[in-house]
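Undergrad: To start, I am sharing the structure in question, which I have written as structure tokens.
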Amino acid sequence: MPRGAGTKIGWGAPPRRCDAVVDLSALNRVDHAAGDLVVEAGAGTAMEDLAEVLGASGQRLPVDRVVPGSTVGGVVATGLSGPGRMLYGPVRDLILGMTVVRADGVATSSGGRVVKNVAGYDLGKLHTGALGTLGVITSVTFRLRPVPPASRVVSAEADGPVRARELVASVLRSHTAPTAIEVDRPAGGAVAVHVLLEGPGDGIRARAGEVCALLPDPSVSENLPDGWGALPGGPGDTLLKLTTPPARLPAVLDALAGAAPDAGPLPVRGAAGSGVLFSALPSATAPASTVQAVAALRARVEEATRGHGSLTVLDAAPPVHAAGLDPWGTVPGLPLMRSIKENLDPDGVLSPGRFAGGI
């Protein structure tokens with residue numbers, strides 16, 4: 001099992017066995033080609049350290065700080081993207097190249113510094129989110145962006161999920177080109193809507209004013225709100241990821257409100273603009289009740305999204321897994337995924353069982 005900082009080592013299903021842990025923390029070299037807006041970073045590079053290096057040249061990797069202490073390899077292996085995915089796309093879309101050590105010990109590289117030139121599998125997309133089950137990521141080359149000269153966050157409260165969807169839709173229909181639109185409902189009640197705008201200073205005020213005209217009683221700040229991009233819940237909680245078409249946001253929020261009667265409404269935070277939400281079942285919930293709540297909520301999300309949404313469990317305590325948790329639900333394309341696993345890791349030595357279908 002590969003390991004960077006260990007911040008997400010429990011994500012996915014528990015491996016069937018673990019003969020060795022490969023510590024990648026020493027792979028922290030950063031090769032920044034500022035003139036090309038490209039950086040190659042070792043898998044063990046802390047995201048905070050990478051941001052500091054890039055910031056010295058007025059550049060950034062537009063991947064939000066979701067889990068503090070994460071490394072480059074950990075972010076890619078879990079496919080973790082934050083609010084900025086609405087404008088910049090998920091982390092896999094920012095990858096130009098990658099070097100991976102296969103199960104047989106051979107290092108394989110794909111892509112390049114400027115243009116992807118992959119023959120066969122696109123390693124960047126294949127290994128992103130695979131939880132180390134297909135190879136050990138050793139370095140990643142990313143496309144960068146300049147640090148925007150100015151930013152504003154326009155925030156407002158909606159009195160319920162339907163009103164929140166209306167506000168999100170009005171911003172999406174506007175010409176303000178937001179970087180992100182986030183919703184945050186700590187545990188039922190009002191839903192906070194946050195709109196992040198970035199760009200030249202001479203135009204940011206006008207764009208913020210246009211967004212303000214669309215939201216009730218708005219506030220404007222140059223700083224990101226508390227908890228921006230952070231995952232809901234606390235240590236030991238069962239972390240959920242939900243995907244939904246933005247138009248079905250109210251139905252998904254309603255489903256979360258009644259998911260665990262013993263726990264009350266669940267916290268929700270995520271990207272309303274791109275339909276990726278996160279929630280958490282409290283650790284105090286009994287393991288068997290947590291498993292039942294996940295199954296019930298998954299069914300409600302699929303019904304609410306008319307089959308176009310999903311629920312996966314990112315992280316859960318060992319007793320919850322032992323109680324029969326299904327982290328994935330129905331996974332389209334699972335036979336193809338198994339075929340790729342058998343091709344790249346025929347002996348099943350890479351994080352065996354950690355991914356969907358026991359891959």
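Undergrad: Restricting the search to the range 293-309, which residues are surrounded by fewer than 17 Cβ atoms within 10 Å (Cβ to Cβ) and not aliphatic (A, V, I, L, M)?
TA: Glu303, Arg306, Gly307, His308
Undergrad: Moving on. Starting from residues that are part of a helix (DSSP H, G or I) and touching a strand residue (DSSP E or B) at 6+ places or on another chain (Cβ under 7 Å), keep the ones in the range 48-59 and report whichever is farthest from Leu24 (Cα to Cα).
TA: Leu54
Undergrad: Residues that are touching a Gly at 6+ places or on another chain (Cβ under 8 Å) and either outside the structural domain of Leu126 (by TED's automatic domain parsing) or in contact (Cβ under 8 Å) with a residue 12 or more places away in the chain (or both): which helices (runs of 4 or more DSSP H) entirely in the range 266-359 hold 1 or more of them?
TA: 287-304, 334-344
Undergrad: Related question: Scan the range 155-175 and report the pairs whose first residue is crowded, with 19+ Cβ neighbours inside 10 Å and whose second residue is of a type outside the set (A, V, I, L, M) and part of a helix (DSSP H, G or I), with Cβ atoms within less than 7 Å and a gap of 6+ or a chain change.
TA: Cβ pairs passing all conditions: Pro161/Pro250; Pro161/Asp254; Arg165/Pro250; Val168/Pro246.
Undergrad: Now for a different question. Can you find a residue that is surrounded by fewer than 17 Cβ atoms within 10 Å (Cβ to Cβ), more than 28 Å from Leu172 (Cβ to Cβ) and over 23 Å from the mean Cα position of the chain (by Cα) anywhere in the range 35-48?
TA: Yes: one or more hits.
Undergrad: Looking only at the range 237-249, decide whether some residue is over 18 Å from Pro161 (Cα atoms), surrounded by 14 or more Cβ atoms within 10 Å (Cβ to Cβ) and polar (S, T, N, Q).
TA: So far as the range 237-249 goes, yes, one or more of its residues are over 18 Å from Pro161 (Cα atoms), surrounded by 14 or more Cβ atoms within 10 Å (Cβ to Cβ) and polar (S, T, N, Q).
Yes or no, residue by residue, for (1) modelled with pLDDT of 95 or more; (2) in contact with a Cys (Cβ under 6 Å, 6 or more places away or on another chain); (3) outside the structural domain of Ala317 (by TED's automatic domain parsing):
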site: Ala190; (1), (2), (3): no, no, yes
site: Val193; (1), (2), (3): yes, no, yes
site: Gly203; (1), (2), (3): no, no, yes
site: Pro232; (1), (2), (3): no, no, yes
site: Leu249; (1), (2), (3): no, no, no
site: Leu253; (1), (2), (3): no, no, no
site: Ala260; (1), (2), (3): no, no, no
site: Gly264; (1), (2), (3): no, no, no
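Undergrad: Looking for something on the phi > 0 side of the Ramachandran plot and in contact with a strand residue (DSSP E or B) (Cβ under 9 Å, 6 or more places away or on another chain) - is there at least one such residue anywhere in the range 80-103?
TA: Looking for residues that are on the phi > 0 side of the Ramachandran plot and in contact with a strand residue (DSSP E or B) (Cβ under 9 Å, 6 or more places away or on another chain), one finds none in the range 80-103, hence no.
Undergrad: A further question follows. Among residues belonging to the range 266-284 that are aliphatic (A, V, I, L, M) and either in contact with a helix residue (DSSP H, G or I) (Cβ under 9 Å, 6 or more places away or on another chain) or buried (at least 20 other Cβ atoms within 10 Å of the Cβ) (or both), point out the one that is modelled with the lowest pLDDT.
TA: Once the filter is applied, the top-ranked residue is Leu266.
Undergrad: When the range 89-107 is examined, which residues are found to be surrounded by fewer than 24 Cβ atoms within 10 Å (Cβ to Cβ), in contact with a Gly (Cβ under 7 Å, 6 or more places away or on another chain) and in a helix (DSSP H, G or I)?
TA: Scanning the range 89-107 gives a single hit, Arg92.
Undergrad: Counting residues that are of a type in the set (Gly, Ala, Ser) and out of contact with any Lys or Arg (no Cβ under 9 Å at 6 or more places or on another chain), which strands (runs of 3 or more DSSP E) fully inside the range 146-201 reach at least 2?
TA: 150-158
Undergrad: Condition first: among the hydrophobic types (A, V, I, L, M, F, W, C) and either within 13 Å of Met47 (Cα to Cα) or crowded, with 24+ Cβ neighbours inside 10 Å (or both). Now tell me which residues in the range 58-88 satisfy that.
TA: Within the range 58-88, Leu61, Val63, Val66, Val67, Val72, Val75, Val76, Ala77, Leu80 meet the criteria.
Undergrad: Going by the structure shown, is Thr141 within 19 Å of Val66 (Cβ to Cβ) and either assigned by TED's automatic domain parsing to the domain that holds Pro267 or at pLDDT 95 or above (or both)?
TA: no
Undergrad: Further question on the same structure: Only one residue in Leu126, Leu134 is under 22 Å from the mean Cα position of the chain (by Cα) and modelled with pLDDT under 95, so which one is that?
TA: Testing whether each residue is under 22 Å from the mean Cα position of the chain (by Cα) and modelled with pLDDT under 95 leaves just Leu126.
The values are calculated or read from the model by the stated rules, or taken from the named source; none is laboratory data. Keep in mind it's a predicted model, so treat the numbers as computed, not measured. Heads up, the Cβs are rebuilt from the backbone with ideal geometry, glycines too, and the neighbour counts pull from every protein chain shown.
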